[in-house]
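Since every read-out is calculated from the coordinates, none of them should be taken as a lab result. Everything numeric in this text was worked out from a predicted model, so none of it was measured. Because the Cβ atoms are built from the backbone with ideal geometry, glycine has one as well, and the counts that use them run over all protein chains shown.
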Amino acid sequence: MSTIIITGGAGFIGSHVVREFVLKYPNYKIVNLDVLTYAGNLANLKDIEHHANYTFVKADITDANHVLQIFEQYKPDGVIHLAAESHVDRSIVDPLAFVMTNVIGTVNLLNAAKTIWKGDFEGKRFHHVSTDEVYGTLGEVGLFKEDTAYDPHSPYSASKASSDHFVRAYNDTYGLPVVLTNCSNNYGPNHFPEKLIPLCIHNVLTNKPLPIYGDGKFTRDWLFVIDHARAIDLVFHKGKNGDSYNVGGFNEWQNIDLVKELCKQVDEKLGREQGTAASLITFVKDRPGHDLRYAIDASKINQELGYKPSVTFEEGLSQTIDWYLNNQDWLDQVSSGEYQNYYKKQYQG
Ligand SMILES: NC(=O)c1ccc[n+]([C@@H]2O[C@H](COP(=O)([O-])OP(=O)(O)OC[C@H]3O[C@@H](n4cnc5c(N)ncnc54)[C@H](O)[C@@H]3O)[C@@H](O)[C@H]2O)c1
């Protein structure tokens, strides 16, 4: 039986990765290692938390001793590392928190893996989950490829770029078996409502303004979160040692067009007059260092591993809106902070 430590498994993407692995691989033991920051929510995993092959461990990856102790206890064959501070706006306010978790935390995990694997790397793998933001920004044309030079602009992307370099350095220097994925923007169920899509759904439902940075022309490449989890599964199992894979859906949207599509779908689903939700759109002052356009060339993962997203953006967005409409209690609990009591009730008696 393989044991896999998934870090950040209570977060948005991590919870989908944990679910994918717990359900698809009943003979793997999945250990979810998460400190439960504001972004970690164990209620995201309610449906699978009683499965025999799932364990939750509360730990901070910045605590090197605790991380090593957990690795010695569980002896993982694989690590899928998603734990991170992930919100660009927060990184502008408190860059050091991003250095601590995203850089130091990653190095602590690499050290723990290196220590317990003791140079015997047969059947072992460290999968680092990263972002397309490490590549910086694009003009109106071009795509990020795996060999595009790193050029991060925000403290968040600088910390993720640094962690990517450490992961590659451990492969080059110590032979640690690693793979990396750099993915575009994700959307889907369980997304914390500080990010664009859940924020807009939440604000439409509560009749609040829909804030759009600058002129709304910022362009992002969007991927349904479950398709990201499928890509991680594929690269973790089949990716080439030491390689990086860009993950995306060739699906670029300007923020303003995306929000208009979202408004159209919400009005349709709520049986309201078209234009009701869009009347809440409000342009706000741009964030500093805002990258104009990100777009991923995902042809390597497609050609080498046969990866393709399973849904179109319109379908994924529709499923996402339905999920938020059917789970308004989740949204209310997250917005009020009440979800943070879930851990105490569930895991501390
Ligand atoms: N959200 C996106 O669109 C996107 C796109 C590409 C890559 N990524 C990457 O995917 C990963 C997951 O992103 P997300 O959006 O799910 O993030 P998230 O903020 O929703 O979740 C992060 C999780 O990490 C945990 N965590 C944070 N600091 C920790 C620490 N010190 N120790 C242990 N756990 C800690 C949090 O409690 C939370 O559960 C990140 O590495 C991010 O850089 C995200």
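Kindly rank 331-338, 98-105, 190-197 from highest to lowest mean number of other beta carbons found within 10 Å of each residue. Walk me through the numbers before you get to the answer.
Values: 331-338: 14.6, 98-105: 22.1, 190-197: 20.2.
Descending mean neighbour count gives 98-105, 190-197, 331-338.
Please give the direction-averaged projected area of the C-alpha convex hull for the range 84-181, in square nanometres with one decimal. Mind dumping the intermediate values first?
On the way: hull surface 26.8 nm².
For the range 84-181, averaging the hull's shadow over all directions gives 6.7 nm².
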Report summary line: Looks like the range 1-118, by Cα gyration tensor root eigenvalues a ≥ b ≥ c and the a/c under 1.5 rounded cutoff (else prolate when a/b is bigger than b/c, oblate otherwise), is oblate
Query raised in the report: Given R₀ = 22 Å, FRET efficiency for Ser336-Lys208 by Cβ-Cβ distance, to 0.05?
Result: 0.90
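For the chain, what percent of Cα pairs sit more than 40 Å apart?
On the way: 5701 of 60726 pairs.
The calculated P(r) of the chain puts 9 percent of pairs beyond 40 Å.
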Report summary line: So, relative contact order of the range 43-105 in percent, Cα under 8 Å, 6 or more apart, is 32 percent
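Have a look at the DSSP beta bridges in the chain and tell me what percent are antiparallel, nearest 5. Please report the intermediate quantities before stating the final value.
Working: 3 of 40 bridges.
Antiparallel: roughly 10 percent of the beta bridges in the chain.
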Query raised in the report: Roughly speaking, what % of Cα-Cα pairs in the range 162-245 are separated by over 22 Å, rounded to a whole number?
Result: 47 percent
Report task. Work out the count of Lys pairs in the range 30-164 where the Cα-Cα distance is under 27 Å, with the pair 8 or more places apart or on different chains. Result -> 17
Query raised in the report: Do you know the relative contact order of the chain, to the nearest whole percent, from alpha carbon pairs under 8 angstrom that are 6+ apart?
Result: 17 percent
Query raised in the report: Gain in length, Ser2 to Ala97, computed as 0.36 nm per residue apart minus the alpha-carbon separation, to one decimal in nm?
Result: 31.0 nm
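Over every pair of different alpha-carbon atoms in the range 147-210, take the mean of 1/r and invert it; report that Kirkwood radius in Å.
14.8 Å
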Requested in this report: Quick one: among Gly14, Gly175, Gly306, which has the greatest mean-square fluctuation in a GNM of the chain with alpha-carbon springs under 10 angstrom?
Outcome: Gly306
